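The values are calculated or read from the model by the stated rules, or taken from the named source; none is laboratory data. Since the structure is predicted, the reported quantities are computational estimates derived from the model, not experimental observations. So basically every Cβ, Gly included, is an ideal-geometry build from the backbone, and we count neighbours across all protein chains shown.
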Amino acid sequence: MLNINDDRAPGWRTSRRITAELQEKGHSVGRYQVRTLMKMVGLQAIQPLRRPG
């Protein structure tokens, strides 16, 4: 359904983006369902760090 090894910028794999991509492809899936599946397979979104200043 979704190519996990996509060559986009690091950190693009957020549950919201994966949900939107799956819905565009015609799959009926919710964000929390995607989050659960991400946890099961060990995927984590890379969040930008907060920089002081």
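For segment 22-44, give me each residue that is assigned to a helix (DSSP H, G or I) and either exposed (fewer than 12 other Cβ atoms within 10 Å of the Cβ) or not charged (D, E, K, R) (or both). Correct list: L22, Q23, E24, Y32, Q33, V34, T36, L37, M38, K39, M40, V41. N5 satisfies every condition listed in (1) at pLDDT 75 or above; (2) of a type in the set (S, T, N, Q); (3) not in a helix (DSSP H, G or I) except (1).
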